[in-house]
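Presented below is the structure to which this report refers.
The values are calculated or read from the model by the stated rules, or taken from the named source; none is laboratory data. Worth saying up front: this structure is predicted, and the values here are computed from it rather than measured. Cβ: placed from backbone, ideal geometry, glycine included. Neighbour counts: every protein chain shown.
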Amino acid sequence: MRAALRRALPRRRHKRDDLFYPLFVPSSSSSASSSRWYSSSSDDSKTSTTTGDDDATDGFSIFPQELPSNARDPSKDDFINDATSPPRTREQQMEYSKHESLRDWLARQSRKRSVDEIVVLTGNIHRGSEILHNAVYNKGTGFNHSERERLGVRGLVPPRYFSIEQQAEKIWQQQVTMRESNAPKIARWRHLQALKDRNETLFYRLLREHVEELAPVIYTPTVGEACLNYSRFFRRARGMFFTKDDVGHMHSMTYNWRGDVKIVVVTDGSRVLGLGDLGAHGMGISIGKLDLYVAGGGFDPQEVLPVCLDVGTNNKSLLDDKWYFGLNSERLEGGDYYRVIDEFMRAIRHRWPNALIQFEDFQTKHALEILTNYRNDYLCFNDDIQGTAAVVLAGVYGALKVLGGKDRSEIRKQKFVMCGAGSAGMGIVSMLHKAVMKSGGLSEEEAYDNFYILDNNGLITNERELEFPREAAVEPFAKARKATKELPDGASLLDVVKKSKCTALLGASTVNGLFTEDVLRQMGEQNERPIIFPLSNPTSNAECTSEEAAKATDGRAIFSSGSPFEDAKGPVSGRLMRANQGNNLYVFPGLGLGAMLSGAKTISEEMLVASAKAIADMLTEDQIRRGCIFPLIKEIRNISARVAVRVIKQAAEEGQAKKSVVRIIESDDEHDTKLYKYVKRAQYVPEYRPTVFPVEESRKTVDDY
Ligand code: NAI
């Protein structure tokens, strides 16, 4: 046997500088076949590493046992050498741009091949069933013949080979059946979580392909229900918990997490989706959010870290629940609380200096302060405050298009009533106020006049006694809104709507039904196309439904909500009112991606505004005619790429972008073609990648065995 193998094998050792030696070699030596190794980085491409044929050899042969007769010496093969040779093919030459040094190009090619396109099995990963039980490497029936042989899974999976497309179709059919049989959303959530625990690649594939339908299942509103019962649903550890008992140890704890991290989503579980204090159950929200960063933005799932800071909970039912998996103690407050936050922030930066930290679902009284403390020194942002604000601004820019406005300066004509002076509400009005100044050309004082803010005590005016620091963001708006006889402090919503003659009604109050029929009717009476945005989540907290808005305005409203609703018809005219969803998903994945790729050190307000503009600019004429104020969510990968492009350009303008990116921008055309391509190429594509051993393993010849 050994002699036969020796005869079959070319006798040579591989060059020491070859980074990796492929376990599988293409059965055809044509460049076309070797290019199948490389998943196209284009999201639009359906290129796969597999043929999908029932022929389980899948175009690859086992090396060395089945070395094909036409195989070349792998050390001379294109896909080995193209990382260490100048660009040769036309495609490579086109890709190799003049501004880039040859050295950079070679380094990039080498990185691209080893990191993006090949799964390298290290010594830590064993063979056989361990591979099958590792959700990162598992392909289930998607292991081709060669892999089954070499990875020791032959016989451990059913005989027939299914491509990832086929597998995704099968799982999708199950989801459709659940939907059609009206299975509870939480059952669909569990079905998807089980898939993620088995096979992450397939999970993200499914999510990417059906993001519009699945985003509400893995994230809001369904994830809220999951978080309520998270201890009971808990099956598999994901992410990291840091507790108040970990103070002094957080730096070292971060080393328990293997691998690089590009993005961290962190919550303290104190205000999960408007459901209140859910303590350690907040982990569900960090995980769900990062799933959307992967599916929508193209972050690599191996480089994301969900975190829950367990600083206790004041939720009595959790504290009384014998299965609650968080700390059984009340929430930390004051200095002790901020010490936990501070140590956590330092630990993350120390371990992963370039990681973006996204704050999620912190209660208002801490959210603003945390953001203020870190936003100038850390690469961080708060999605509830800044992401929501950016998506609402994008919606307002979109609404201006639907209203037929000639450009963004028309924002100056809008009068906004905001119900809710919490972190979401104030984040939104602060950003709108800046937009009214910058795009609308009004002074700071003039711009305040465009805003009326209400909280649970009604209209907030200069007579209101505010609570600091909790309501610091309200102060300038309150000062500018002088109490009058007509509109005194505490005036009701209906009075404010009537007397302000507002054009836009926004809700971030968590109060279901706050936009009553009277209020909505009034909006419809004083505006041809009233802007109505009930933004509170989940659905049960929305200030009104799409049906109520359509009914009261006879389908004329420009509607956008935080949670999804169905389009609705005006009862008299039969006019179809589009139920837009002001989903933060439009902003955060692209913002994060842009920040990461630019190498920025902080996230500026202008980057958020740039994101909003990018989103509105993607609207097509047809969409505008139909009352859409956001592009289609199923285009989220491309939307995120466009958002990332604007964010990178903004970072460059601020002097925050790394040199290599600045060089691309400088050599680009007015459509940002190169930058867009750069971003698209960086996006993770969920598909099964060929598998190799590290070089130490592969350098062995037959004699070594
Ligand atoms: P919060 O609890 O900090 O603030 C709620 C605010 O609403 C408070 O100022 C409160 O006084 C006010 N309020 C209560 N009753 C009111 C009433 N009857 N009339 C007027 N105002 C009233 O909550 P936070 O963090 O600001 O979030 C608010 C809502 O926004 C939540 O439902 C949250 O889910 C939603 N949100 C939506 C996002 C989106 O993407 N659409 C993103 C982030 C938050």
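Miscellaneous remarks
- Among the residues of the range 337-362, those identified as closer than 27 Å to LEU275 by Cβ and of a type in the set (A, V, I, L, M, F, W, C) are VAL340, ILE341, PHE344, MET345, ILE348, LEU356, ILE357, PHE359, PHE362.
- Of the residues making up the range 610-662, those that are under 18 Å from GLY582 (Cβ atoms) and not in a helix (DSSP H, G or I) are MET618, LEU619, ARG626, GLY627, CYS628, ILE629, PHE630, PRO631, LEU632.
- Subset tally (residues that are buried (at least 20 other Cβ atoms within 10 Å of the Cβ), without any contact (Cβ under 8 Å) to a residue 24 or more places away in the chain and not in a strand (DSSP E or B)) for the range 548-575: 1
- Subset of the range 664-705 (residues that are modelled with pLDDT of 75 or more, in a loop (DSSP other than H, G, I, E, B) and charged (D, E, K, R)): ASP668, ASP669, GLU670, ASP672, GLU687, ARG689
- Here the range 446-460 is the region considered, the condition is being within 33 Å of the chain's Cα centre (by Cα) and buried (at least 18 other Cβ atoms within 10 Å of the Cβ), and the residue that is farthest from the ligand (Cβ to nearest atom) is ALA447.
- Where helices (runs of 4 or more DSSP H) fall wholly inside the range 209-279, the ranges with 1 or more residues that are crowded, with 19+ Cβ neighbours inside 10 Å and hydrophobic (A, V, I, L, M, F, W, C) are 211-218, 222-228, 250-254.
- Residue match in the range 576-596 (condition: surrounded by fewer than 24 Cβ atoms within 10 Å (Cβ to Cβ), part of a loop (DSSP other than H, G, I, E, B) and within 15 Å of the ligand (Cβ to nearest atom)): no
- Selection of first residues in the range 495-523 that are without any contact (Cβ under 8 Å) to a residue 40 or more places away in the chain and of second residues that are hydroxyl-bearing (Ser, Thr, Tyr) and within 15 Å of the ligand (Cβ to nearest atom), restricted to Cβ pairs under 8 Å at least 6 apart or on distinct chains, gives the following pairs, ordered by first then second residue: ASN512/SER536; ASN512/SER540.
- THR484 being within 15 Å of the ligand (Cβ to nearest atom) and hydroxyl-bearing (Ser, Thr, Tyr): no
- Set ARG464, ARG470, ARG529: member being crowded, with 21+ Cβ neighbours inside 10 Å, basic (Lys, Arg) and either at pLDDT below 95 or not in a strand (DSSP E or B) (or both): ARG464
- Of all residues in the range 306-329, none satisfies being closer than 20 Å to LEU214 by Cβ, at pLDDT 95 or above and either of a type in the set (A, V, I, L, M) or assigned to a helix (DSSP H, G or I) (or both).
- Residue that is farthest from the ligand (Cβ to nearest atom), among those in the range 555-575 that are polar (S, T, N, Q) and at pLDDT 95 or above: SER573
- When ALA483, ALA472, ALA557 are checked against the criterion of being within 35 Å of the chain's Cα centre (by Cα) and over 30 Å from TYR219 (Cα atoms), ALA472 stands alone in meeting it.
- Restricting attention to the range 597-613 and to residues that are under 16 Å from the mean Cα position of the chain (by Cα) and small (Gly, Ala, Ser), the residue that is surrounded by the fewest Cβ atoms within 10 Å (Cβ to Cβ) turns out to be ALA612.
- Unmet requirement for HIS366, which otherwise passes all of (1) surrounded by 20 or more Cβ atoms within 10 Å (Cβ to Cβ); (2) more than 10 Å from the ligand (Cβ to nearest atom); (3) part of a helix (DSSP H, G or I); (4) at pLDDT 95 or above: (4)
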